[in-house]
Amino acid sequence: MLKKLFITLLIALNFYTQFCFPKIMANQNIRLSNLKNHQQVVDFTVEAVYEVDNQNPLGARFRHNQSGFVLDLLRIQSVPQAFMWVNSHPVSDRGEPHTLEHLLLGKGTKGRYVASLEEMSLGNSSAFTAQLRTCYHFHTPAGSSVFFNLFQIKLDAMLHPNFSDEEIRREVRNMGITNDPVDGSLSLEEKGTVYNEMVSSFERPWGNLYFELGKMIYGHDHPSAYSAGGYPTAIREMKPVHIRNFHNSTHHLNNMGAIMALPSDISLETAIVRISDILKIVEPEAKYGNVHPDDANNLLSIPDGKTTGTLSQVTFPHMNKNEPGLLVFSWPANRTLDSKQNILLDLFLQTLASGQTSNLYRRFIDSQTQIMDIGATSVFGWRSDEAGEPIFIGLNSVHRKTGDAGMMDSIRQVILDEIQLISNYPDGSDELSEFNKRIESRIEKYRKEITDFLNSPPRFGYRGTGSSWMKHLSELHKIGGFKRSLTFSEYFDWASTIVKSNKNHWREMINNWKLLNDKPFGVVTLPDPGYLEQKRDERDLRIEEYKIMLMERYQTNDIHNALLNYQEDYDGNTAVIKKVSQTINMPKFIDQPPFTLDDQLDYSIHKMPGGGDLVYSRFDNITGATIGLALNLHVVPESLLLSLSALPVFMAEVGVQIDGTIVTYNKMEDMLRRELLRFDIWFATNERTKRIELVVEGAGSTLEEAKRTLVWMEAVLKTPNLQETNLARIRDAIDLNLSNLRNRMHGSEESWVKNPAKSFRMQDHPLFLSTESFLTKIHSYQRLRWQLKEIGREEQNEFTIWIASISDYAQKGRKNLLKLLENKILIPENINELAQDALQDLKLNLTSIPDETLEQDWRYLCEQIRKDLFLSPKIVLTQMRTILETIVHQDNVRGYIICSKNSFEELDVDIFKFVSNFSSELSIVKHYTNTPFITKRMQDHYPEIKNPKYVGLVNISSSSGVHINTAPCASFVETNPEVLLDFLSARLYGGGGAHSMFMKTWGAGLAYSNGLRSNEYSGQLIYYAERCPDLSQTMDFVVQTLKEAPFDPSLSDYAVAQAFSVNRAGDRYEIRGRDMAADLADGLTPEIVSQFRKGVMKLRARDDLYDTLHSRMESIYGRVLPGYGPKAQKVDKAQYFVIAPENMLQTYGEYLQSTEGKDGTLYRLYLRDYWLVD
């Protein structure tokens, strides 16, 4: 008996020693300020303390004793946030890192449970695959307990996934079997979310360019050369074993790290104890690795650099063979620089090649100083932090002629000559002084940005956040030491010493950086009208080969029988996945959800002269302030909307006058970098309330800088440099912004596709189209471009005759027009430059025009160019002044300020005084033509069209499609229980839970970003799906999945949780303050939001809630899903908007006819339909 008792005591003592003693240690007043090097804290060793200059530590780095897991803890006042990273060096072009990013937190029962848990925990998350690391980040406003639980469940799913081989194949790339929703015939289709995402990525100019450059720099078998996302050809070769082997080699605690930003109410000891316990649970057998996880990237080999200077061309799809492209040069990866050198090199590259004040902008773009016109509208440069630190310099929107190897070499030589010129600046020369002063201003800007960066929530969990904190801390790890300065002050001080010296240190630096030692590689992108057709032909061939294989597999010569057998097997595998996924229990909804959008925000409302609100958001840890003014644009006459579209450009990018002195744009940029933290001007709109404003916002990192923002606000609002002597700069600014607008559709789908759909919904509001629709603004900017040009009286007659002859070119159709444009066109010498510009613009517009309106639109463009050219630039400049005088009124402005209490007490007085100087005259709200402008333009090719429900925007540069369907639902202002029930019904399969349409469609490989949701801000029910391999298949899949959805009462709480998903508490301080001010301007007070959510919680108590919601599903979801529920014609204000290439629109049109009948006509929409014409 005593022996048993003794053994029991030993076991208890061992347990106490292992698990309780560390927690006692944790109670020994652990603070960042008293941490010591190598100190043992629970299961961690202190590795470093992060300091901000002469202030208390902001954070610390800990290393897990058992596994070597890296933990960075930061003290930042916000909701708890985390950023997890894994070293995931690619081993092929198959895209294993990217595939795992998709699989780990979304597939298998573990990944699916994470997805549902996140929704029920109000988690906000995102993930991305960088070249060498895969990153997952999240936050939640639900408190520390929920936060750490999410961290544990996510980490466990990352380390111990249980997805099946079939799920891997479905996610990566598989040959899917589909039933035609129209005639029921069977066919094969290449599916896979990863595959379709990367096909789309490589259809954009950057995709093939960067892939080609990577091979040039690193060869073909280096982690930095492989496509971490996956190259489509290689993705098709992916097998489940590749994924499993890659996961086994990478996803362990000893190859990972996490950054956590925690508020002060979570004690350091609580956090460390909790994380220690989590790591024991998720990987109890973890082993300490041979390499520090944060050293793995630094140990990669550097290429031998024997091959340099190679030039290459790659293609991207576009029907206009003259579409501008990208040109990027890269120096070999043969550098090993310390942090000081890296900072100075970054500063050098920005000054040499980034932005409109850079040396290379002057050489290639500035119309007054360029030495070579290659069509470029912007220049950029950066240093990669990968092995060997390759350097890149690029030019955007270059002419097709740059694809010639000789031209590429000439451009490269201009760049090298400019670097050589800087190297040759004499000591003490004016040229050296001017260059150094520009770098000095960038040093000042860097210092301010780092201060702001350290004093702001990191935004973990928000899409697009990026890896700034991870890279920042990794750079400090390379420097080493126990006390690590987060501000890099010592290095910036050193850089300042360099640029303040009379000696030209750049000779030595340029030599160290090897900028003149080796010729850089170069890659240019060229538009290829046959690109998509070739890819379709290759895909069709693969499908035919697969059919032959299926007939062999099923031992039949009848392809229909083979497809039937294949469908049976495919559906069987689908059923297995479905059955397993249905075993996942819905997690519990949190007990105390936030009832407003930002419960923690301390704000108050004050009055400005004229009666406008000044919304003050208080954050006492902020040293500076953000000040914003929003001016109502409904006072601008309709006759000035063309000029209004470019107002931010005329205010922010042309220079100003301050105290009667002209400040050029270059000088303005230099002064802003030195004097302010940020300064921006943009249009802000709200579709529901029709709020349309011009926002001018400035921020300072100190109180004095914040006061200085008002000086700059006054300059841009009252005295921008609109003098005729500044026309050259104004033209350059318009050309740059026009190029950016034209290139927008070359970006990712999520960056642009919603805008055309929103513009279509708002087409009866010309003020909205002029300020918000980028397709409308392309035409407006092009017109302004010509209105700002000048032509002599003698040349006007010559130009009129010449452009009239060109306007006849389209009489015999597109083929003949293209043939004529290919021929040498006779141009009078005295109008040659203007005529060449006109031809370039005309060619760029060709792909916006359908054959039905080709002659009409071609003549319109020719005539409009002539009219605009003959208009004096004085008129545009006068109109801009008139617009500013019209909007800068006391009764036409509202404001917001984000700062500490002490700062507000001073700035409030300054803001009041500043607005007092605005005009005190009463503003007059204008009334605009209430015409559906886009539909009216569509009548040129559909004469009988009146109110089209189904529209398809033709996208000639993509092989995938997008759904954006909308219909009225509930907004935050709703209190009617019946409307709230509709809202909740719409949320049953919304969000990202395991059962959601997002997860189902994603898993089927039929869309990338997608889902059903009701948007409380806009009051709209939305179905969105992008990168769809086929619009019809995606829609039919969603409809059939909803029809077969099981009766699941657990979804009622899931729907309720969705009503609380919008929350701003984890965002940056200035965004929280700005958004609160905008909400108040829209009449959306926290009380209204709280009332809405309390109404939802009241409905939650109903015993029949799920029955009620389930019974409404068809009538609610049917509003945005053709083929499910009510016909579109019966849904008031519904809009069914798709974007796709013509061949896909054709099949989708057939689907609509089969489901909606004669009312299901899909009308084509073209870019020209968005033009606002006189």
Can you report the number of residues in the stretch 1010-1034 which are of a type in the set (A, V, I, L, M) and either part of a loop (DSSP other than H, G, I, E, B) or out of contact with any strand residue (DSSP E or B) (no Cβ under 8 Å at 6 or more places or on another chain) (or both)?
0
Residues in the stretch 802-852 that are assigned to a loop (DSSP other than H, G, I, E, B) and more than 22 Å from Tyr1166 (Cβ to Cβ): how many?
6
Being in a loop (DSSP other than H, G, I, E, B) and modelled with pLDDT of 95 or more is the filter here, so list the residues in the stretch 463-480 that pass it.
Ser467, Gly480
In the stretch 488-498, which residues are closer than 30 Å to Val79 by Cβ and either buried (at least 20 other Cβ atoms within 10 Å of the Cβ) or touching a strand residue (DSSP E or B) at 6+ places or on another chain (Cβ under 8 Å) (or both)?
Phe488
Which residue out of Pro873, Pro850 is more than 30 Å from Phe1137 (Cα to Cα) and surrounded by 14 or more Cβ atoms within 10 Å (Cβ to Cβ)?
Pro873
Any residue in the stretch 713-726 that is closer than 19 Å to Arg678 by Cα and at pLDDT 95 or above sitting within a Cβ distance under 7 Å of a residue that is among the aliphatic types (A, V, I, L, M) and surrounded by fewer than 17 Cβ atoms within 10 Å (Cβ to Cβ)? List the pairs, counting only those 6 or more apart or interchain.
Ala715/Ile658
Pairs only if they're at least six apart or on different chains, beta carbon under 6 angstrom, first in the stretch 463-485 and more than 14 Å from Leu74 (Cβ to Cβ), second of a type in the set (Asp, Glu) and part of a helix (DSSP H, G or I); list them, first residue then second.
Ser474/Asp294; His477/Asp294
Answer with yes or no whether Glu440 is in contact with a helix residue (DSSP H, G or I) (Cβ under 9 Å, 6 or more places away or on another chain), surrounded by fewer than 19 Cβ atoms within 10 Å (Cβ to Cβ) and not assigned by TED's automatic domain parsing to the domain that holds Gln81.
no
Could you check the stretch 616-636 and list, in sequence order, the residues that are within 12 Å of Leu1080 (Cβ to Cβ) and either under 28 Å from the mean Cα position of the chain (by Cα) or among the polar types (S, T, N, Q) (or both)?
Ser617, Ala630
If you check Leu58 against the conditions, is it touching a residue at least 12 places away in the same chain (Cβ under 8 Å), under 23 Å from Ala127 (Cα atoms) and in the same structural domain as Ser126 (by TED's automatic domain parsing)?
no
Check Ile806, Ile887, Ile883, Ile831 and return the single one that is of a type in the set (Val, Ile, Thr), modelled with pLDDT of 95 or more and either within 30 Å of Asn955 (Cα to Cα) or surrounded by fewer than 13 Cβ atoms within 10 Å (Cβ to Cβ) (or both).
Ile806
Do we find that Ala1128 is in contact with a helix residue (DSSP H, G or I) (Cβ under 7 Å, 6 or more places away or on another chain) and either assigned by TED's automatic domain parsing to the domain that holds Pro948 or of a type outside the set (S, T, N, Q) (or both) in this structure?
yes
Can you tell which of Thr465, Thr487, Thr497, Thr451 is farther than 29 Å from Arg1072 by Cα and not basic (Lys, Arg)?
Thr497
Scan the stretch 499-508 and tell me whether some residue there is surrounded by fewer than 21 Cβ atoms within 10 Å (Cβ to Cβ) and under 30 Å from Ile622 (Cα atoms).
no
Show me the strands (runs of 3 or more DSSP E) entirely contained within the stretch 117-192 in which 1 or more residues are surrounded by fewer than 19 Cβ atoms within 10 Å (Cβ to Cβ).
124-129, 174-179, 186-191
If you check Arg463, Arg459, Arg447, which single one turns out to be touching a Lys or Arg at 6+ places or on another chain (Cβ under 8 Å) and either within 30 Å of Ala127 (Cα to Cα) or among the aromatic types (Phe, Trp, Tyr) (or both)?
Arg459
Residues that are within 30 Å of Pro828 (Cα to Cα): list the helices (runs of 4 or more DSSP H) wholly contained in the stretch 686-801 that include at least 3 such residues.
727-743, 774-787
Would a scan of the stretch 20-30 turn up a residue that is surrounded by 11 or more Cβ atoms within 10 Å (Cβ to Cβ) and at pLDDT 85 or above?
yes
Cβ-Cβ under 8 Å pairs, at least 6 apart or on other chains, the stretch 803-830 side under 23 Å from Trp786 (Cα atoms), far side outside any helix (DSSP H, G or I):
Ile806/Ile825
Taking the stretch 802-824 only, how many residues are hydrophobic (A, V, I, L, M, F, W, C) and more than 42 Å from the chain's Cα centre (by Cα)?
2
Are any residues in the stretch 1079-1095 within 26 Å of the chain's Cα centre (by Cα) and either surrounded by fewer than 20 Cβ atoms within 10 Å (Cβ to Cβ) or without any contact (Cβ under 8 Å) to a residue 60 or more places away in the chain (or both), and if so, which ones?
Asp1082
In the stretch 1000-1049, how many residues are within 21 Å of Leu105 (Cβ to Cβ) and either of a type in the set (Gly, Ala, Ser) or in contact with a Phe, Trp or Tyr (Cβ under 7 Å, 6 or more places away or on another chain) (or both)?
13
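Listed here are the residues, each with its yes/no results for (1) within 21 Å of the chain's Cα centre (by Cα); (2) free of Cβ contacts under 8 Å to residues at least 40 places away in the same chain.
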position	(1), (2)
Leu738	yes, no
Leu741	yes, no
Ser751	yes, yes
Ala757	yes, no
Leu767	no, no
Within the stretch 237-279, which residues are under 30 Å from Tyr546 (Cβ atoms) and β-branched (Val, Ile, Thr)?
Val241, Ile243
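The values are calculated or read from the model by the stated rules, or taken from the named source; none is laboratory data. Everything numeric here is computed off the predicted structure, so don't read it as measured data. Positions of Cβ are backbone-derived with ideal geometry, glycine not excepted, and every protein chain shown enters the neighbour counts.
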